[in-house]
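Presented below is the structure to which this report refers.
The values are calculated or read from the model by the stated rules, or taken from the named source; none is laboratory data. Fair warning: this is a prediction, and the values are worked out from it, not measured in the lab. Positions of Cβ are generated from backbone atoms using ideal geometry, with glycine treated the same way; all protein chains shown enter the neighbour counts. Calculation scope for accessible area: heavy atoms of the full protein, side chains included, ligands and nucleic acids excluded. Shrake-Rupley method; radii C 1.70, N 1.55, O 1.52, S 1.80 Å.
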Amino acid sequence: LPKISCPEIATKLAAMANRQRKAVAAAAAGAAATAVLAPTATGFVAPPAVQRAPATASTAAGLASSPAVATSSAACGAAVGIAGAAVAAGSFARSKPAKRVQKKTVRLATATATDTETECINAIRFLAVDAINKSQSGHPGAPMGQAPIGYLLMAEEMQYNPEDTKWVNRDRFVLSSGHGCMLQYSLLHLAGYKSVSMDDIKQFRQWGSKTPGHPENFETDGIEVTTGPLGMGISNAVGLAASEAHLAAVYNKPGMTLIDHYTYTIAGDGCMQEGI
């Protein structure tokens, strides 16, 4: 079942970190060069503030342009808005099914785009943290640590459509470690799913809310699998991958690919230790 995981995820995360390191190094080198080349009678002057040009984060799949993010912290709502635009843009181009003729590539041309990535990832993290703090209940560690993975999947890798959540050839995401579900709720909200509004996030883990303490597919649209007991998610993910392989074998014909989606899952050591 080769499609249950993506071996490129670790490589792409490393590339993302490498881009950030290069952006920092380039900025430092530019500042040093400016200081060296601008001597005065009293010594060296500080380099001028870097003027950031508008950035774009374009993908072969059609990830839309994202505005530049100011260096100083903006209001939380603005950060969430930017993150939502970037994540939702990834799904906009996927509103119509399309065959995957080649691997998707991502090109971030400027350092500002790296800043935008960081803002998006931090927005995911702090939506989760704020919801958990408000409810005085939950698990912040998983959303904080896994936010870069979630961003990479939803903004650059997965094919889905928030306007058609039952699209048959959508990619599936299963959070087997369901106690970290604020990661998934944050991603769904920022990607434009109507099933998880800001009010729903504020009601995390409250009685009768659409954001219960573990993901439930009959309660929240966009959740593929209910993952309560550890091990339940990874087991279902294996089944989803097997189903995809079977449907592809039955219905795909030469020159007409109907089924070619992928199943992604995040599972922890606890999921592997359970008897499920």
- request: Six or more apart or on different chains, Cβ under 9 Å: which pairs go from a residue in the stretch 259-276 that's over 22 Å from residue 147 (Cα atoms) and among the charged types (D, E, K, R) to one that's surrounded by fewer than 17 Cβ atoms within 10 Å (Cβ to Cβ) and at pLDDT below 90? Could you list them?
  value: 260/99; 260/100; 274/229
statement: Of those in the stretch 228-276 that are open to solvent by 70 Å² or more (accessible area, probe 1.4 Å) and of a type in the set (Gly, Ala, Ser), the residue modelled with the lowest pLDDT is 275
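For residue 208, indicate whether it is at positive phi and either free of Cβ contacts under 8 Å to residues at least 60 places away in the same chain or open to solvent by less than 10 Å² (accessible area, probe 1.4 Å) (or both). Working first, answer last.
Numbers: at positive phi: yes; either free of Cβ contacts under 8 Å to residues at least 60 places away in the same chain or open to solvent by less than 10 Å² (accessible area, probe 1.4 Å) (or both): yes.
Yes: the conditions hold for residue 208.
For every residue, the table says whether it meets (1) in contact with a strand residue (DSSP E or B) (Cβ under 8 Å, 6 or more places away or on another chain); (2) modelled with pLDDT of 95 or more; (3) charged (D, E, K, R).
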residue: 156; (1), (2), (3): yes, no, yes
residue: 171; (1), (2), (3): yes, yes, yes
residue: 179; (1), (2), (3): no, no, no
residue: 217; (1), (2), (3): no, no, no
message: I need a count of the residues in the stretch 170-205 that are buried (at least 20 other Cβ atoms within 10 Å of the Cβ), more than 20 Å from residue 157 (Cβ to Cβ), touching a residue at least 60 places away in the same chain (Cβ under 8 Å) and of a type outside the set (Val, Ile, Thr).
response: 1
- prompt: Looking at the stretch 119-139, which of the residues that are within 18 Å of residue 176 (Cα to Cα) and crowded, with 18+ Cβ neighbours inside 10 Å is farthest from the chain's Cα centre (by Cα)?
  reply: 138
- request: Pull up the stretch 211-225, narrow it to residues that are crowded, with 17+ Cβ neighbours inside 10 Å and without any contact (Cβ under 8 Å) to a residue 40 or more places away in the chain, then point me to the one that is nearest to the chain's Cα centre (by Cα).
  value: 223
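So is residue 167 assigned to a loop (DSSP other than H, G, I, E, B) and more than 29 Å from residue 120 (Cα to Cα) or not?
Taking the combined requirement at face value, the residue does not satisfy it.
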